[in-house]
Amino acid sequence: MWTHFLGLLPEPIVIVYTIFAFLVPFVIYKMNRKLHQFGDPPWKEDEKGVDEDP
């Protein structure tokens, strides 16, 4: 029974690439938010209405 379910799963490298396809843009997004939080001048923060992450 387990061999049937394991046969339906994709190869491990496909699973790894799928995880990377999610993690890489997510990490870049989070890093970009932190850089903007610390590096934007005050006049730009007021303009865009930065919502602070908890």
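Within region 3-14, at least one residue is open to solvent by less than 100 Å² (accessible area, probe 1.4 Å), among the β-branched types (V, I, T) and either in a helix (DSSP H, G or I) or at pLDDT 80 or above (or both).
Number of residues in region 35-45 that are part of a helix (DSSP H, G or I) and surrounded by 11 or more Cβ atoms within 10 Å (Cβ to Cβ) equals 4.
The values are calculated or read from the model by the stated rules, or taken from the named source; none is laboratory data. Owing to the predicted nature of the structure, the values given are computational and were not obtained by experimental measurement. Counting neighbours? That spans all protein chains shown, and the Cβs are built from the backbone with ideal geometry, glycine included. SASA here: full protein model, heavy atoms, side chains in, ligands and nucleic acids out. Shrake-Rupley method; radii C 1.70, N 1.55, O 1.52, S 1.80 Å.
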